1. Looking at (1) among the hydroxyl-bearing types (Ser, Thr, Tyr); (2) in contact (Cβ under 8 Å) with a residue 24 or more places away in the chain; (3) touching a Gly at 6+ places or on another chain (Cβ under 6 Å), which is the only condition residue 77 fails?
2. Kindly provide the set of residues from the range 55-68 that are surrounded by fewer than 24 Cβ atoms within 10 Å (Cβ to Cβ) and either at positive phi or in contact with an Asp or Glu (Cβ under 8 Å, 6 or more places away or on another chain) (or both), ordered by number.
3. If the Cβ limit is 7 Å and pairs must be 6+ apart or interchain, which residue in the range 176-194 that is surrounded by fewer than 16 Cβ atoms within 10 Å (Cβ to Cβ) pairs with which residue that is not in a helix (DSSP H, G or I)?
4. Evaluate the range 252-260: report whether one residue or more is of a type in the set (A, V, I, L, M, F, W, C), part of a helix (DSSP H, G or I) and surrounded by 16 or more Cβ atoms within 10 Å (Cβ to Cβ).
5. Does any residue of the range 120-128 turn out to be at pLDDT 95 or above, charged (D, E, K, R) and touching an Asp or Glu at 6+ places or on another chain (Cβ under 7 Å)?
6. Out of 346, 324, 369, I need the residue that is touching a Lys or Arg at 6+ places or on another chain (Cβ under 7 Å), of a type outside the set (Asp, Glu) and at pLDDT 95 or above. Which one?
7. In the range 102-111, which residue that is touching a strand residue (DSSP E or B) at 6+ places or on another chain (Cβ under 9 Å) and part of a loop (DSSP other than H, G, I, E, B) is surrounded by the most Cβ atoms within 10 Å (Cβ to Cβ)?
8. Could you grab me the full set of residues in the range 225-250 that are aliphatic (A, V, I, L, M) and either modelled with pLDDT under 95 or under 19 Å from residue 209 (Cα atoms) (or both)?
Amino acid sequence: MTRVFLIVMDSVGCGGAPDAAAFGDAGSNTLAHIAAACAAGQADQGRSGPLSLPNLDALGLGAAIRLASGAATPGLSATPQGLWGAATEVSRGKDTPSGHWELAGVPVPWDWTYFPTTTPAFPDDLVAEVCRLAGTEGILGNCHASGLPIIAAHCAEHLRTGWPICYTSADSVFQIAAHEQHFGLERLLKLCADLAPFLHARKVGRVIARPFVGTCDDFRRTANRRDYAIAPPAPTLLDWVAGAGRATHGIGKIGDIFSMQGIGSLHKGKSDADLFEHLVRLGDQAEAGSLTFANFVEFDTLYGHPRDVPGYARALEWFDAALPRFFARLHPGDLAIFTADHGNDPTFPGTEHTRERVPVLGHGVGTRPIGLRAFADVAASVAQHLSIPAHGPGESFL
């Protein structure tokens, strides 16, 4: 039996979402704007020249960007040799759970709860619950913020009082930053796990633990981040595959995003480089008829949110250069799909995700243009390739 590897390049959008303006994201285009910056010599830190992604472009990356948005793609002009197209999301969000669930065949049927852009941002009963669970007399932050600046602003007071640093973003999320030694990593994780049901009942999508170490003058966030996501509202592609008696593997954040539902084995690491080694190993070892579902998060967390164009370009080029090692391990008949869950245009104002279409590229089924599709079509196509029933709204493009 053939296998499928579904690989999400977190935030690697390609513009053109028809409802981008409703999200304040009209004109955003993660890939096209990175390519333009590289071609203009504006992303030469640690790299140089036009954006070079020969393996993804050979599958049809440049063509997918042009299809999705009509944008120019300097450096990405190959004639597609793989399956290629772009997908549009229908869920009313531009966050990680919405994108992944819909790719897995389950569009989100509700409106997420978002916190207001006021200070304080959180209702009194939520603050009281955090304090009760943490055993503190208060919290710090209580606003919309980016992770590094808010830690810098409140680090000294956090170390002095022991109060957790709580903040949110444009996503449906409640984040808690705390020092691994002074506050305690296990204490932080338990706080987030205990708080999650309270917020999930209010349709807040995720509670995220954001541990850090070091001094206030020299701190860094660690790889011990943990997301406590609300469970999907219906069985997803992972459940379909597991229910058919097949093996399922999650790489990276997939376990958190899907609350471990339908995941037989989870493979984690401290970096995307670690996660890529899991992908290569599973290219050798994954069982016949299995699904491997991977998320590579650093495009989003390390480069999209901080608006680091050269860093994003370097990460894309590293990932592309590593792909031949993975391709060499695939078996005849295997399908590898590369896609994304949303955008995070590093040239766009602000620090948040951007509402974009995403590329859909496939290795293993020959040259196949698929046009503009729905996110849920990815799940339907994976199910067809694995010869199992699909239970979502998507239509296969195979």
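1. Against the list (1) among the hydroxyl-bearing types (Ser, Thr, Tyr); (2) in contact (Cβ under 8 Å) with a residue 24 or more places away in the chain; (3) touching a Gly at 6+ places or on another chain (Cβ under 6 Å), residue 77 comes up short only on (2).
2. Correct list: 55 only.
3. As it stands, the answer is 181/213; 193/228, since those pairs meet every condition given.
4. Checked against the condition, which is being of a type in the set (A, V, I, L, M, F, W, C), part of a helix (DSSP H, G or I) and surrounded by 16 or more Cβ atoms within 10 Å (Cβ to Cβ), the range 252-260 yields at least one hit.
5. There is no residue in the range 120-128 that is at pLDDT 95 or above, charged (D, E, K, R) and touching an Asp or Glu at 6+ places or on another chain (Cβ under 7 Å).
6. None of the others qualify; the one that does is 346.
7. The extreme case among them is 104.
8. 229, 230, 231, listed by residue number.
The values are calculated or read from the model by the stated rules, or taken from the named source; none is laboratory data. Here the structure is a predicted model, which means the values were calculated and not measured. In this analysis, Cβ positions are derived from the backbone assuming ideal geometry, glycine residues included, and neighbour counts consider all displayed protein chains.
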